[in-house]
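Some notes on the structure that comes next.
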Amino acid sequence: MCERLGLSAIEQCLRLRPNPNSPHAVHDHLDLLARLFLIGESIAEGELKHALPASVLEAATEVGILAPSAERPGNWFATAALYPAYGLHIVSDRWTNPEATPIQTAMDVVFPAITENTGHFMDALPDEPCDSFLDLCSGTGIAALVAASRYARRAWSLDITESSARCAEFNRLLNCLDNVTVAQGDLYEPVAELTFDRITANPPYMPSLRPAAVFAYGGELGDQITQRVVAALPKYLRPGGRFYCITAGPDTDGQSFEQRVRGWLQDSSAQFDVFVFERRLFDPVYIANQQAARSRGGAEQVDEWKRLFEKYRVENFFYGAVVLQRKTTAGTPLTVRRRKGARFGSAEMEWLRRWETAAADSAMMSKILDAKPRIAGATELHVTHRTSEQEFAPQEFRLETIYPFKLECKIEPWTAYLIPRCDGKTTVREHLAWLKENELVGAKVPEGEFAGFLRVMIAGGFLELEEFKLPAR
């Protein structure tokens, strides 16, 4: 299909537009499907009847996916978009009109499962087996359907709008998935007292001054729905279970977004580890101008947005992934934030989650001392030389990496001698002994303190251990 349409990826079909005056020719069934369900053009009735068996046309008409055109008598069009996505066939609302006129977005529109945002969401979800999978704000149901087809024993797809629930159920039947339950309701409402070991959500997250379309209304600061989803996790997420979502929200003066997320858990906060993965930060002024432009509010609305952001002391808006895991044992809960690196997907996020979880165990210190770290492939050591007492000498040492996450940190001079020696053949104890012998660190530096420093270097992706190899770039 991509080759036929000259696309490098199926997501690019969102850019296709129908040409009523000079429609694409139909030479075979693939051309017919592309014109109807991807490009969104109408087809002459005679051409449609010639290409499709009568039983197929009758069935498509009965379920309402093909209909006669009122604007162009004698022509037919597809009432929905249909396309391959993540190994399945998915139906959603169209993104074009057959006559190439502007499309009127409904309050409960079902967005395509191949948008950039959905791609970010799906990339964040690991394909590890789970018993019960729940997807909230599910739209087409894509996350639950993929989970049920690949790694979940049972999956639930929930959305507040009837159109989304109807669409997800159609997709369930279309892909012959018997282990998916589709229901309509406000967030967790349809699942009553059930609990899950994997919960996901792709909630509305756009800041809105006033109620807007269901898919776009995230409250004044964009995180209103996400807050409700997270606040209910203590009731619905099993111990050892994990929650994943793509969302947006503010970093404010005095409270980072990850602290804000932790606060939503209230009395259950100590039961959860919080991981926040920053894909992009937006300046509040940019958001004010963007939202005012979308609603055609003009300069007055820009000023209204600015006053709102000043009221809440918003410094910037976070956009990215949030991962929470419910602890199975007592201990200090983790709160970790990382910034997008050269690649940003579930492999990188799961690597960090596994490492931070393991490193929180006190037994990890002795394991680190016996481990043989090596330099990670993306690590760079930067040394700044400055003039000091008539000499041009090294004054500042800094480590940088872009994988698995973008990170930089200042280091002590002795670290610049240590890092190049990490070749995967020498233990951490031996490295410490060498540093002491060469008087690069004090003779009384405790092993535990040194192991703690190496733990930070590993968490930053500067060093790696055999047991916790970084994902292949």
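Computed from the coordinates by the stated procedures, all read-outs in this text should not be read as laboratory data. As the structure is a computational prediction, the values presented were derived from the model and not from experiment. When we count neighbours, we look across all protein chains shown, and the Cβ atoms used for this are built from the backbone with ideal geometry, even at glycine.
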Point to revise | Pairwise label distance in nanometres, HIS29 with GLU220, each label 7 Å out on the Cα-Cβ vector | key: 5.6
Review point. What are the residues whose amide H is under 5 Å from the amide H of LEU463, where those residues sit 5 or more places off or on another chain and H is modelled from the backbone?
Key: ALA376, ILE458
Check your understanding: Taking 0.36 nm per intervening residue step and subtracting the Cα-Cα distance, what contour gain separates GLU380 from ALA59 on full extension?
Key -> 109.5 nm
Revision key, fill the gap. Of the residues VAL276, ALA292, TYR205, the Cα lying farthest along the dipole of the stretch 116-360 towards its positive end, which is defined by charges on the beta carbon of Lys, Arg, Asp and Glu, belongs to VAL276
Practice item. Divide by every residue of the chain the summed helix terms, -39500 (n - 2.57) for each DSSP H run of at least 4, and state the resulting mean residue ellipticity at 222 nm, rounded to the nearest 500 deg cm²/dmol. Key: -9000 deg cm²/dmol
Point to revise | Distance between the stretch 403-440 and the stretch 230-305 - C-alpha centres, whole angstrom | key: 37
Revision key, fill the gap. With +1 on the Cβ of every Lys and Arg and -1 on the Cβ of every Asp and Glu, the dipole magnitude of the stretch 116-360 about its Cα centre, in debye rounded to the nearest 20, is 340
Revision key, fill the gap. Here, ARG166 and GLU71, labelled 7 Å along Cα→Cβ, have an inter-label distance in nm of 2.1
Point to revise | Residue-by-residue Karplus 3J(HN,Hα) for the stretch 302-315, coefficients 6.51, -1.76, 1.60, Hz, glycine and proline x | key: 4, 5, 4, 4, 4, 5, 4, 5, 5, 4, 8, 6, 6, 9
Review point. Hey, got the dipole for the stretch 266-347? About the Cα centre, +1 on K and R Cβ, -1 on D and E Cβ, debye to the nearest 20?
Key: 400
Exercise for review: Tally the DSSP beta bridges in the chain and give the antiparallel ones as a percent, rounded to 5.
Suggested key: 70
Point to revise | Label selected from (1) 25.4; (2) 27.6; (3) 22.6, the criterion being Kirkwood radius over Cα pairs in Å as computed here | key: (1)
Exercise for review: For the stretch 47-86, evaluate the Debye formula with one uniform point scatterer on each Cα (no solvent term) and list log10 I(q)/I(0) at q = 0.15, 0.20, 0.28, 0.32 Å⁻¹, rounded to two decimals.
Suggested key: -0.39, -0.66, -1.05, -1.15
Review point. Just how many pairs of Lys in the chain have C-alpha atoms closer than 27 Å, counting pairs that are eight or more places apart or on different chains?
Key: 29
Check your understanding: So for the stretch 368-464, taking the charge dipole from beta-carbon charges (+1 Lys/Arg, -1 Asp/Glu), which of TRP434, PRO404, GLN390 sits furthest toward the positive end?
Key -> PRO404
Study note, to complete from the structure: Applied in sequence order to the stretch 56-72, the curve 6.51 cos²θ - 1.76 cosθ + 1.60 (Karplus, θ = phi - 60°) yields integer Hz couplings, x standing for Gly and Pro, of 5, 4, 5, 5, 5, 6, 4, 7, x, 8, 10, 8, x, 7, 7, 6, 10
**Study point:** Protection-proxy order for peptides 101-107, 402-408, each taking the mean of Cβ atoms within 10 Å per residue, highest first
**Key:** 402-408, 101-107
